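Everything on this sheet refers to the single structure shown next.
The values are calculated or read from the model by the stated rules, or taken from the named source; none is laboratory data. Remember, it's a predicted structure, so these values are computed and weren't measured experimentally. Don't worry about glycine lacking a Cβ; one is built from the backbone with ideal geometry, like all the others, and counts go over all protein chains shown. Surface areas here come from the heavy atoms of the whole protein model, side chains and all, with no ligands, DNA or RNA. Shrake-Rupley method; radii C 1.70, N 1.55, O 1.52, S 1.80 Å.
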Amino acid sequence: MSNQQNFVDVILPLPLKLLFTYSVPVTLLNNVEIGKRVIVQFGSRKIYTAIVFSIHKNAPKEYKTKDIVSVLDEKPIVNDQQFKLWQWIADYYMCSVGEVFKAALPSGLKLESETKVIYNPDSIDQQKFNPTETLVLDFLADKNIASINEISNALNRKSALPVIKSLLDKKAIILEEKLRENYKPKTESYIKLDDSITSESQLNEIFDSLKRAHKQLHVLMSYLKLSGSFMNKKTVDVKKRQLVEDSKTSSSIIKSLIDKNILAEYDKTVSRLNESADEQTEIKNLTEAQQEAHNEIQKQFEEKNVVLLHGVTSSGKTEIYIHLIKEQLEKGKQVLYLLPEIALTAQIINRLKSVFGNRVGIYHSKFSDSERVEVYKNILEPGKTLKYDIILGVRSSLFLPFSNLGLIIVDEEHENTYKQYDPAPRYNARDCSVVLANMHNAKVLLGTATPSIESYFNAKAGKYGLVQLTTRFQNIQLPEIQLADILRARKRKEMKSIFSPVLLDSITESLAMNQQVILFQNRRGFAPYLECDMCGWIPYCTNCDVSLTYHRHKNELICHYCGYTIRAPQTCKACGSGAVQTRGFGTEKIEEEIKIFFPEVKVARMDLDSTRSKNAYTNIISNFEEGKIDILIGTQMVSKGLDFDNVSLVGILNADNMLNYPDFRAFERSYQLMAQVSGRAGRKNKQGKVVIQTSNPEHPILQFVLDNKFEEMYKSQLLERKNFRYPPFYRLINISVRHKKSEIVDKASHQLGVSLRKVFGKRILGPEPPIIARVQNYYIKNIILKVERERSFQKAKQLLDEQITKLITQDNFKTIHISIDVDPV
């Protein structure tokens, strides 16, 4: 082999520990650059899109290289900062850089030689899907594109083809079978004068020839009017559909003119992004309290790279963000505005666009993949008419190709939805934003009314700056909070279905004043489970160790983990009794029951079941804002930063479920959820009211919520965390061992636990089964590693990786699945 042979190390979208090396053919040598996509063959048949990571002349000794097949890009699509972030995420979260690459790029920029199933959100509205179809759509809504094998695995079936066929028939998905890019530029038909027409005299002759063809003459005149041809030097491009609409005629008349070589049709690449310039309003002046907080943030940024803004609900944190964004734009910098939920973007985008116009771009999974590719490319190389300086998005926005980032805002920083669970990389966007900002010499602002224990600890310890905003906008009072003792109400037989007298009276009072109500229950479906009154039989999922959730409108029992579905039984399968009753309640049951008590009011529900389509969030939120909905029932979606002017009452239907969840963060999360939901009440005009239904009104967390005592809650939780060795004093790594045979999971997890104890001693907990010990027919055992904050976390991860590698290289454990979650939440 010639010494002049060039090689490239590429990142493949696969969980490979090492980069793979390919040779560069002479014909492609001038085209190859770091950061460009190349097509490569991996294995005997598979073709993948890979990213060039490095170029060198060192042939690998372990294997013979293959040539790269082709280069896809004229310019690099991944920059140096992105590579650094990918590498940091792979190292910190113990995954491969290939898994980060797969998560980082929009699916439209990747291609593989497999049949792919693509989510089609534009066809979801007003369609009905069975539970299995719904599970596939949920899976695709998160991934946006998946192979048939991946869908089969998610369904735990040998073949997913029947359900894929039914979804194809409903146009809810698209199949991609050819080896090509999933992204296609969008084109639109335009009309122009035929190139043979160059003078007004020729046009006059055409007018004469069309005297009897009145419709054709009318279309030609309409075109000339729209385009301005021969009236001035600058003509305007005319869309074909615009000409059809303006001339009130059909495409066939236009075709007749094309056939006569009078008009010509051509396709033009157009953006899927909204390039229209929205009407912009002046930036609002800050109140005295907001201005003080703004000034303090600026002062803290002089010394700290990260500042925590702890502002009570409705204090106007967003207005402070807007002023900070404006200052960054004036410096020519980019801004990333992270949100925990897609639902929040609907309101925030309107507020930002009213100030910054179409400089604001949106990036999240409800957008089609082609739209996300165009946002990615716009940031990579801004267009002439559209340049996104501000990106508003969810956690995946971190991976966009920023080149001049000045500020990252992490709104509602306490939310656990910033954490990616499955698949790897299991990263936390809040923590990664600090690393990304450091790479760009940018600043990070964490904003929330209820800080996470870890962020508040870092602020108190001086690692982060801390700014407090303690008064609501226009000095509106915090809501009055009332605890409704449902245990006492049941004993006195005062409960009406799932509602206490206090809550029903409060709803009646709010509706009488033409004000709106939000009811919160963090569980979807009608009832969590069914139970036989005679023998206690409960229907369970056949694939998971979890009871089936009852959905009344379908009369079905559904597993929310694997999608297993059966018809709701009329009689007990154990004793034959007909006394099968629902237990507990979800948002669906609240919706049904509230309509019985208030039949005349307009009720809507906002949960995963009701917000599957692309515009479902926006429609529900805008209808509520416009007063078309009186009572909004929702899961935690309604708790996250939404701003409604006319809400006077918030009802929390069951606080006990949150408080009794077996997790060391349960009290912290319960306080955050209840405080955030409570913050939706009385936000603009007057003091609102919150009713919390509970069986234990004396619970300390409820008392902290009642008196808005975040600091006391923080101190109590910090003491417990220190005593029991949990964050922020210790770092955690969760190791999950999974297999379809329970005995193999038991043996593997026991052996791993023994070997880890030899290395880490008492820092190891487990192995123990999680709350749901079997999901999709995989048995699970968890091991937790606790590492002191002052000890080397990198060294601990290295030792852990060595022990896992020893285990999975044993013949009897090669089929087990081990997943690692660093900093689980």
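Scanning segment 353-376 for residues that are open to solvent by less than 10 Å² (accessible area, probe 1.4 Å), hydrophobic (A, V, I, L, M, F, W, C) and at pLDDT 85 or above turns up V360, V375.
Residue-wise test of (1) surrounded by 16 or more Cβ atoms within 10 Å (Cβ to Cβ); (2) out of contact with any Phe, Trp or Tyr (no Cβ under 7 Å at 6 or more places or on another chain); (3) of a type outside the set (F, W, Y).
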site: Q676; (1), (2), (3): yes, yes, yes
site: R680; (1), (2), (3): yes, no, yes
site: Q687; (1), (2), (3): no, yes, yes
site: Q703; (1), (2), (3): no, yes, yes
site: Q717; (1), (2), (3): yes, no, yes
site: F729; (1), (2), (3): yes, yes, no
site: I733; (1), (2), (3): yes, yes, yes
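Among the listed residues T582, T565, T571, T587, which satisfies the condition of being in contact with a Lys or Arg (Cβ under 6 Å, 6 or more places away or on another chain) and over 21 Å from D505 (Cβ atoms)? I'd like the intermediate steps shown before the answer.
On the way: T582 fails: in contact with a Lys or Arg (Cβ under 6 Å, 6 or more places away or on another chain); T565 fails: in contact with a Lys or Arg (Cβ under 6 Å, 6 or more places away or on another chain); T571 fails: in contact with a Lys or Arg (Cβ under 6 Å, 6 or more places away or on another chain).
Of T582, T565, T571, T587, the one residue that is in contact with a Lys or Arg (Cβ under 6 Å, 6 or more places away or on another chain) and over 21 Å from D505 (Cβ atoms) is T587.
For segment 394-436, a tally of residues being more than 23 Å from E371 (Cα to Cα), aromatic (F, W, Y) and either in contact with a Cys (Cβ under 7 Å, 6 or more places away or on another chain) or surrounded by 22 or more Cβ atoms within 10 Å (Cβ to Cβ) (or both) returns 1. Right, I481: in a strand (DSSP E or B) and not acidic (D, E) or not? For I481, the condition - in a strand (DSSP E or B) and not acidic (D, E) - is met. Scanning segment 567-603 for residues being open to solvent by less than 60 Å² (accessible area, probe 1.4 Å), aromatic (F, W, Y) and modelled with pLDDT of 85 or more gives a total of 1.
If you go through segment 753-780 and keep only what is closer than 30 Å to Y564 by Cα, surrounded by 15 or more Cβ atoms within 10 Å (Cβ to Cβ) and over 29 Å from the mean Cα position of the chain (by Cα), you end up with G766, P767. Of the strands (runs of 3 or more DSSP E) lying entirely inside segment 508-566, the ones with 1 or more residues being among the hydroxyl-bearing types (S, T, Y) and open to solvent by less than 20 Å² (accessible area, probe 1.4 Å) are found at 549-551.
Would you say L12 is in contact (Cβ under 8 Å) with a residue 60 or more places away in the chain, among the aliphatic types (A, V, I, L, M) and open to solvent by 30 Å² or more (accessible area, probe 1.4 Å)? It is false that L12 is in contact (Cβ under 8 Å) with a residue 60 or more places away in the chain, among the aliphatic types (A, V, I, L, M) and open to solvent by 30 Å² or more (accessible area, probe 1.4 Å).
May I ask you to list pairs of residues, at least six apart or on different chains, whose Cβ atoms are under 9 Å apart, with the first in segment 781-797 being open to solvent by 70 Å² or more (accessible area, probe 1.4 Å) and the second being among the hydrophobic types (A, V, I, L, M, F, W, C) and in a loop (DSSP other than H, G, I, E, B)? Hits for this filter: R789/F729. Note on segment 493-507: among residues that are open to solvent by less than 30 Å² (accessible area, probe 1.4 Å) and not in a loop (DSSP other than H, G, I, E, B), the one that is nearest to E625 (Cα to Cα) is I507. Check whether at least one residue in segment 442-461 is open to solvent by 10 Å² or more (accessible area, probe 1.4 Å), in a strand (DSSP E or B), within 18 Å of Q82 (Cα to Cα) and in contact with a strand residue (DSSP E or B) (Cβ under 7 Å, 6 or more places away or on another chain), and report yes or no. The answer is yes, given that some residue of segment 442-461 is open to solvent by 10 Å² or more (accessible area, probe 1.4 Å), in a strand (DSSP E or B), within 18 Å of Q82 (Cα to Cα) and in contact with a strand residue (DSSP E or B) (Cβ under 7 Å, 6 or more places away or on another chain). Put simply, of K110, K84 the only residue that is under 27 Å from P425 (Cα atoms), at pLDDT 90 or above and within 29 Å of the chain's Cα centre (by Cα) is K84.
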